[in-house]
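The values are calculated or read from the model by the stated rules, or taken from the named source; none is laboratory data. As the structure is a computational prediction, the values presented were derived from the model and not from experiment. Here Cβ is always computed from backbone atoms with ideal geometry, including for glycine, and neighbour counts include all displayed protein chains.
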Amino acid sequence: MTTKKTVRIAMNGVTGRMGYRQHLVRSILAIREQGGVDLGDGSVIWPEPVLVGRREHALREIARQHGLDPETDVTTDLDAVLADDSIDIYFDSQITLTREAAIKRAIAAGKHIYTEKPTATSLDGALALARLAKDAGVKHGVVQDKLFLPGLRKLKRLIDGGFFGRILSVRGEFGYWVFEGDWQPAQRPSWNYRSEDGGGIVVDMFPHWEYVLHELFGRVETVQALTATHVPQRWDEQGKPYQATADDAAYGIFQLEGGIVAQINSSWSVRVNRDELVEFQVDGTEGSAVAGLRNCRVQHRSATPKPVWNPDLPATEVFREQWQEVPDNGEFDNGFKAQWELFLRHVVLDEPYTWDLLAGARGVQLAELGLASSSDGRRLTVPELSL
């Protein structure tokens, strides 16, 4: 007979796109559908979500759609749910402006913390959360989902196996065209394009780039960035025009420990001419790789062709065909779900877990310095953080 170790989770922000699709449906509910997190000893971790938010009717509808109780598993009273001793974890996927205050309340209530990023609107705020959680003795984690993508897991396998030799550089391209909202609905909410509401591609994406670079290649030591608002007018969810006050594109150069140089372009104003919405090319002395969300291709030193520059003749080589696909060699689960399972094991079994609020603060720091670099027009040092 299976023993259930029940963990109750207050999930705040599940009416939003990310909170609903990736965290509730594809993570917590998917874990329940598979029978819980199997601990291998005849017991499982069984997550029980309590949906928290401001729109009660929307929360109740979500609960009804997914077999939850719209009476007992839904609340608009955050203080009440934090005062409930049966709640073990507080999860936050609200808009950034409201996150810091809510997490502070959850820490004060003694709840373990799992949160989307950025964790706060400033480095001081992000570090304060990490210190509060440490002092309170609660466990804490920050979503760093891209580390669990199949393409980046294959890339990590290549790095660990020494495929690249000495890594020289990383070049990343992320983005797609987000419709302005006038003649086609925008794929992202309008607050993303208002700095006064916590929007901007730097605060959204630089925290991602920090943990990807840090975990795969080494700590970011300097940043030089140029931001732009390429599309100055957009239309909101009600079809009303508004001025975009936040950056919708950022062009960054990051120097990493060991001398690796990373260049990453991030844009919501670019049309896609690549295989996936994000791709990273890594070049080393012994080989190169191009990794996306799911796929990864390599070209070893011994199989590198000899291109010759001749602008007077058309190219006769199909360069993409000269690369080799890296096999899966395993099954890759949804990245959000995989990290949720690790955090649940951390809470229940006290297993090691490194993606905490201090790691989240590094992401906020890089975004803050990226914006300052663009404003000042100079390269900035990224100090190492500690509590």
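Within region 31-57, track down each residue that is basic (Lys, Arg) and over 25 Å from the mean Cα position of the chain (by Cα).
Arg55
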_Contacts under 8 angstrom Cβ, first residue in region 1-19 being on the phi < 0 side of the Ramachandran plot and in a loop (DSSP other than H, G, I, E, B), partner aromatic (Phe, Trp, Tyr) and at pLDDT 95 or above, 6 or more apart_ = Val14/Tyr20
*asked:* Being without any contact (Cβ under 8 Å) to a residue 24 or more places away in the chain, assigned by TED's automatic domain parsing to the domain that holds Ser374 and of a type in the set (Phe, Trp, Tyr) narrows it down to one residue among Trp177, Trp183; which is it?
replied: Trp183
*Which of the residues that make up region 97-106 are surrounded by fewer than 24 Cβ atoms within 10 Å (Cβ to Cβ) and either closer than 28 Å to Ser86 by Cβ or of a type in the set (D, E, K, R) (or both)?*
Thr98, Glu100, Ala101, Ala102, Lys104, Arg105
*Output the residues belonging to region 62-96 that are closer than 13 Å to Pro49 by Cα, surrounded by fewer than 20 Cβ atoms within 10 Å (Cβ to Cβ) and of a type in the set (Ser, Thr, Tyr).*
Thr72, Thr75, Ser86
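Any chance region 352-373 includes a residue that's within 19 Å of Phe91 (Cβ to Cβ) and without any contact (Cβ under 8 Å) to a residue 40 or more places away in the chain?
Within region 352-373, one or more residues are within 19 Å of Phe91 (Cβ to Cβ) and without any contact (Cβ under 8 Å) to a residue 40 or more places away in the chain.
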*Out of curiosity, is Val347 assigned to a helix (DSSP H, G or I) and either within 15 Å of Glu116 (Cβ to Cβ) or among the polar types (S, T, N, Q) (or both)?*
no
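Is it the case, given these coordinates, that Arg171 is more than 15 Å from the chain's Cα centre (by Cα), modelled with pLDDT of 95 or more and under 17 Å from Thr121 (Cα atoms)?
Here the answer is no, as Arg171 does not meet what is asked.
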*Can you tell me which residue in region 315-344 is surrounded by the most Cβ atoms within 10 Å (Cβ to Cβ), limited to those that are assigned to a helix (DSSP H, G or I) and of a type in the set (S, T, N, Q)?*
Gln339
*Pick out, from region 143-240, the strands (runs of 3 or more DSSP E) lying fully within it that include 3 or more residues that are among the charged types (D, E, K, R) and surrounded by fewer than 20 Cβ atoms within 10 Å (Cβ to Cβ).*
none
*Please state which one of Val308, Val347 is at pLDDT 95 or above and of a type outside the set (S, T, N, Q).*
Val347
*Of all residues in region 141-167, count the ones that are under 30 Å from Ile103 (Cβ atoms) and either over 22 Å from the mean Cα position of the chain (by Cα) or not charged (D, E, K, R) (or both).*
8
*For region 114-129, which residues satisfy the criterion of being surrounded by fewer than 24 Cβ atoms within 10 Å (Cβ to Cβ) and among the hydrophobic types (A, V, I, L, M, F, W, C)?*
Leu123, Leu127, Ala128
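Table: residues versus (1) among the aliphatic types (A, V, I, L, M); (2) within 26 Å of Phe206 (Cβ to Cβ).
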position	(1), (2)
Val282	yes, yes
Pro311	no, no
Val318	yes, no
Val326	yes, no
Lys337	no, yes
Glu341	no, no
Leu357	yes, yes
Leu366	yes, yes
Leu380	yes, yes
*Return the pairs, sorted by first residue and then second, in which the second residue is at pLDDT below 95 and among the hydroxyl-bearing types (Ser, Thr, Tyr), the first residue lies in region 100-121 and is in a loop (DSSP other than H, G, I, E, B), the beta carbons are less than 7 Å apart, and the residues are 6+ apart or on different chains.*
Pro118/Thr96; Thr121/Thr96
